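Let me begin by presenting the structure, written as structure tokens, before commenting on it.
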Amino acid sequence: MATRASPSTAPSRQLTPDLIRARAEQVIARHGVETVGISATGEWAGEDVIQLQGQRWPVRRCDSVLELGLALNELNAHGQHGVVLSRLHEADLPEDMRARLCGGRLYGLDPWDSVLALFAADRLDPRIPRAPRLAELLISNVPPEGYPSCRARFLDADTVWRSLFRRYLGFDQDLLDAKAVMRWLLSEGAADAWRRMDDEVRQLFRGRIEQRAGRLGLHLLDVAESEYAEYVLAIGLVCELIFDESGSITADRQLAAGRLERYLAGQALAGAAGRRWFALARDLLGDLDEASRQTHRARAQAILDELQISDAGGESLVLQRGYEHRLQRYADALTNALDGRAECSDVGAALQAVRSHELSPGDEGRLERLDVALRLLRYLNVGGTRGANRSLEQLAVSHRDDASFVDWGRRLLLGGDAHAGVSAALERLLTQLRQHRETLNKRFAEALANWDRTSFANGRFVGLEAVLDELVAPLARQSPVLFLVMDGMDYGAYRELEADLSADGWISYGPAGSGRTVSALSTLPSVTRVARASLFSGRLCQGQSDFERNSFANHQGLLHAIGSGKSKPTVYHKAALSEGGGELASDVREAIANPKKRLLGVVVNAIDDHLDKSDQLRLRWSRDQFRQLDALLESARVSGRTVVLTSDHGHVMDWHSHQPVQALAGRWRDSGTEPVEGEIRVANPAVREALGVDSVIVPWSERIRYVRRSNGYHGGATPQEIVVPVGVFRFMGSENAVELSGWDALPAQEPAWWAQAAEPVQRANAAEPAATLKSAKLRGGGETTRQASLFEQLDTTYGPEQDQGERLVEQLLASPTYHRQRKAAGRIAPKESVLRQFLHALLQADGRLSRKRLAAAMDIPELRVRSQFAAMQKLLNVDGYAVVGEDASGAEIVLDTALLRKQFEISEG
């Protein structure tokens, strides 16, 4: 703003050309072009001529009647008009002499008359101080374009002050309040412009600022006049730590409040002004670039040091020290919870404290890690304790429904955190998770060793070699299919990719009535040459890419499914996917768009390739991470293809691995020696059928590897390597897609411990979910209510709050207003059963739920919440009143229960 040199405000008692010109133009505008006579006592400070009406007008000083007469004669003789300045009064002049002047008189020199003329006004706001200096300032520095004309020829105070502030201080904001003053003082040269003004003018401006910005505005000016002008925002940040929310001085900060006066020209700062100062400073800090924010934070910490309360920075919502303090509190809460000395709610509160700090929005990666750590802690407390006697079915289901999300979370925590305390706490968490996982992995490997590879769980888990016959072929009978094989993708990576696809409009499907993604179990050993060959051929075997292409093209089950007249199934491997610049090959795009090519397979090697490396990148398994995946999915969307997303095997990450023995492969070896701790010998017909050997030794511990260290490994018998997803996806609203018989869109599949932790800790009294386990023991020895785990019986008895909600819903459905609304909504109105689900979910959550939580409660895909929400608004929002709406952020759906009762005339009884 104030980046240019401001006009001078030095006082002038002389008759300046600007003053005389303004007055003369005003007279001429009213009475016409004639010689203007002005009665004035000051000394003329100009030349013999001034510019008026686009011409040069002579100026004469005439302090007697004789001098005035001679001047008029001279002007008349030369056919000129001019301006005569005189100390005479109008009564001193003869009548004939007055007649020769414009308007027939001598005009006084009230500068405010000139100001009125400059603004094309004839009335002056009585709120304007009639100080001559203000008028002189307006007259002496008219902008080149002139002042704006006034409405109704009335010059109001706001217009006058706005012109003065803009012209002399570079203050170009329309609103004059404390925030505007602080914003102006942050601009380059603002404080210098203020200090250049003389005392008289500064006092006039201070009066105006006090009127509009209050006492705080004067404090800001005090800082501007001092040597601490650049600290004006930092002082506001410090105020947070001296004054509490009520405006009182915080305990033990009285001396600091006194020391703060040195920055305020010795003035004491009232608590209310201090809190307001902080609020404005915090707000304005967010408008600055990062370098400027760091500068002001550093200045605030320097002030705290000067005030001898350096440690108070740890309490700040905006300073770096405050952020670090909150991170340490989170680390302490997580560590205590792992030791049984704190609850998950304590960690949630600590996370919310981190989120509430001003530095958190720019730290998304860290916030995600802290949030994930809280989810995993809940898993340990809620879903991580399972019974000892587990079948392969139970262990596989557990991995799909719970442990897959654990693996997603563990990978996100890979590499720890830059904050030492947080990093140590995360490592403690990962250690407990590893210990728990090792127990489950051993049970899984023992059960897997005896599996005969028949499907289980009502066909929701199949052998990898059965995927084409049992899942892909039936789909291909109904719809063109893109069979995407993400080599090496474990269930944890799938969960991340699934969430990304869902956010982009893809809907996941499962067999009707199942409510879950179909899964497959890979081969032993879980290596590419065995697993992928078995997947594409439909039988346990081994082979390379040529074998996979030939087997896929001649698979009898697929050929029968697609029927005659269609092209044989085709699979594209890595080398065939890309053209010169890395973009998807044109022949692949054309094949996907061709409806006669009913079944196409694509192998994407990005995950498996990453595992072979030893880099230290923290990768995200989203669409953006895979070079051609976006193009493949877009082509499938346009052509209306169903996408089957699967893998040949999963993998384990390198989690503090060790190498007990050497072997040629990463996670399996021949059975020439005895297994060591963490290994198991597997000898069953499936191994012989795949490898032609009687047995192999594979690790059940994720910490064992047989080769050099890399990002990850596969070949072993852990569920991470064996259990793979077979995700079926359709794009929402695709024009070319056909309905899939026997398949349903799946609701959100996140377990409660995962979805709950994603919710911000905002409301202390939010209702607990209706279905809870009673008196669940935690490691700390106490009892708490917790979410039910997968195989435990839910207590679904309604409490008093649920009874009230049930009554409210029944009263609504019986309301005459409801029946009128339903009739008016017509076909848009939701089914009554859906309405009940919607209302019960919100009533049980204190009237507020995120879209994800609401989708889970209603057992529908998250993408369908939007249409259901619109239907509920149409039905429930009587006369446009928002019974159902969104919060200000759009993140939560809100039910206003009081308004619901009022609009539908439902009593409280």
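Below are the figures for this structure:
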read-out: Output for region 235-272, where each listed residue is in contact (Cβ under 8 Å) with a residue 40 or more places away in the chain and outside any loop (DSSP other than H, G, I, E, B); value: I235, G236, L237, V238, C239, L255, A256, R259, L260, Y263, L264
read-out: Positions within region 283-314 being in a helix (DSSP H, G or I) and among the small types (G, A, S), in sequence order; value: A291, S292, A298, A300, A302, S310, A312, G313, G314
read-out: Verdict on S671 being among the hydroxyl-bearing types (S, T, Y) and over 40 Å from the mean Cα position of the chain (by Cα); value: yes
read-out: Any hit, region 546-554, residues being in the same structural domain as P699 (by TED's automatic domain parsing), aromatic (F, W, Y) and surrounded by fewer than 20 Cβ atoms within 10 Å (Cβ to Cβ); value: yes
read-out: Answer from A178, A213 - the residue that is under 27 Å from A135 (Cα atoms) and within 30 Å of the chain's Cα centre (by Cα); value: A178
read-out: Wholly enclosed strands (runs of 3 or more DSSP E) of region 479-598 bearing at least 2 residues touching a residue at least 40 places away in the same chain (Cβ under 8 Å); value: 481-486, 506-511, 518-521
read-out: Scope region 115-132; condition hydrophobic (A, V, I, L, M, F, W, C), part of a loop (DSSP other than H, G, I, E, B) and either modelled with pLDDT of 90 or more or crowded, with 17+ Cβ neighbours inside 10 Å (or both); matching residues; value: F119, A121, I128
read-out: Test: residue in region 315-325 that is surrounded by fewer than 17 Cβ atoms within 10 Å (Cβ to Cβ), in a helix (DSSP H, G or I) and not polar (S, T, N, Q); value: yes
read-out: Members of region 178-210 found to be of a type outside the set (A, V, I, L, M) and within 22 Å of P148 (Cβ to Cβ), listed by number; value: W184, F205, R208
read-out: Residue list for region 415-427, restricted to those being more than 16 Å from E364 (Cβ to Cβ) and crowded, with 17+ Cβ neighbours inside 10 Å; value: G421, A425, L426
read-out: L221 more than 38 Å from the chain's Cα centre (by Cα) and surrounded by 17 or more Cβ atoms within 10 Å (Cβ to Cβ); value: no
read-out: Within region 704-730, tally of residues that are in contact with a helix residue (DSSP H, G or I) (Cβ under 9 Å, 6 or more places away or on another chain), β-branched (V, I, T) and over 18 Å from R681 (Cα atoms); value: 4
read-out: Test result for S163, in contact (Cβ under 8 Å) with a residue 24 or more places away in the chain, among the polar types (S, T, N, Q) and assigned to a helix (DSSP H, G or I); value: yes
read-out: Any pair with Cβ under 9 angstrom, 6 or more apart, that starts in region 68-84 at a residue that is closer than 17 Å to L106 by Cα and ends at one that is among the acidic types (D, E) and in a loop (DSSP other than H, G, I, E, B); value: H81/E34
read-out: Residue within region 246-260 that is among the small types (G, A, S), within 31 Å of the chain's Cα centre (by Cα), within 15 Å of R276 (Cβ to Cβ) and assigned by TED's automatic domain parsing to the domain that holds R293 present; value: yes
read-out: Among (1) under 50 Å from the mean Cα position of the chain (by Cα); (2) more than 30 Å from E200 (Cα to Cα), the one test that Y147 misses; value: (2)
read-out: Scan of region 133-155 for residues that are part of a helix (DSSP H, G or I) and touching an Asp or Glu at 6+ places or on another chain (Cβ under 9 Å), ordered by number; value: R133, A135, E136, I139, S140, R153
read-out: Search result, residues across region 56-103 that are buried (at least 17 other Cβ atoms within 10 Å of the Cβ) and of a type in the set (S, T, N, Q); value: S86
read-out: Output for region 859-908, where each listed residue is in contact with a Pro (Cβ under 7 Å, 6 or more places away or on another chain), buried (at least 17 other Cβ atoms within 10 Å of the Cβ) and closer than 16 Å to R836 by Cα; value: I860, Q868, A871, M872, L875
read-out: Set A300, A268, A272, A251: member being at pLDDT 95 or above and not basic (K, R); value: A300
read-out: Qualifying residue in region 606-622 (condition: surrounded by 17 or more Cβ atoms within 10 Å (Cβ to Cβ) and closer than 24 Å to A476 by Cβ); value: no
read-out: Only listed residue being of a type in the set (D, E) and touching a strand residue (DSSP E or B) at 6+ places or on another chain (Cβ under 8 Å), chosen from D487, D500, D417; value: D487
read-out: Among the candidates T41, T35, residue that is loosely packed, with under 12 Cβ neighbours inside 10 Å, more than 60 Å from the chain's Cα centre (by Cα), closer than 23 Å to L116 by Cα and of a type outside the set (G, A, S); value: T41
read-out: Qualifying residue in region 680-701 (condition: among the hydroxyl-bearing types (S, T, Y) and surrounded by fewer than 18 Cβ atoms within 10 Å (Cβ to Cβ)); value: yes
read-out: Residue in region 177-185 that is on the phi < 0 side of the Ramachandran plot, touching a residue at least 40 places away in the same chain (Cβ under 8 Å) and not in a helix (DSSP H, G or I) present; value: yes
read-out: The listed residue being in contact with a helix residue (DSSP H, G or I) (Cβ under 7 Å, 6 or more places away or on another chain) and hydroxyl-bearing (S, T, Y), out of S564, S534, S545, S514; value: S534
read-out: Any chance R453 is on the phi > 0 side of the Ramachandran plot, in contact (Cβ under 8 Å) with a residue 12 or more places away in the chain and charged (D, E, K, R); value: yes
read-out: Out of L842, L854, L849, sole residue that is in the same structural domain as L875 (by TED's automatic domain parsing), modelled with pLDDT of 90 or more and either surrounded by 21 or more Cβ atoms within 10 Å (Cβ to Cβ) or within 11 Å of M872 (Cα to Cα) (or both); value: L842
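Quick grid of which residues meet (1) surrounded by fewer than 22 Cβ atoms within 10 Å (Cβ to Cβ); (2) free of Cβ contacts under 8 Å to residues at least 24 places away in the same chain; (3) more than 17 Å from T431 (Cβ to Cβ):
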| position | (1), (2), (3) |
| --- | --- |
| A331 | no, no, no |
| A337 | no, no, no |
| C344 | no, no, yes |
| Q352 | yes, no, yes |
| S360 | yes, no, yes |
| R366 | yes, no, yes |
| L370 | no, no, yes |
| A373 | no, no, no |
| E393 | yes, no, yes |
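Residues are listed down the side, and each one gets a yes or a no for (1) outside any loop (DSSP other than H, G, I, E, B); (2) hydroxyl-bearing (S, T, Y):
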residue	(1), (2)
E634	yes, no
V644	yes, no
Q662	no, no
D694	no, no
I697	yes, no
Y706	no, yes
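The values are calculated or read from the model by the stated rules, or taken from the named source; none is laboratory data. Keep in mind it's a predicted model, so treat the numbers as computed, not measured. Note: ideal-geometry Cβ built from the backbone for every residue, glycine included; neighbour counts use all protein chains shown.
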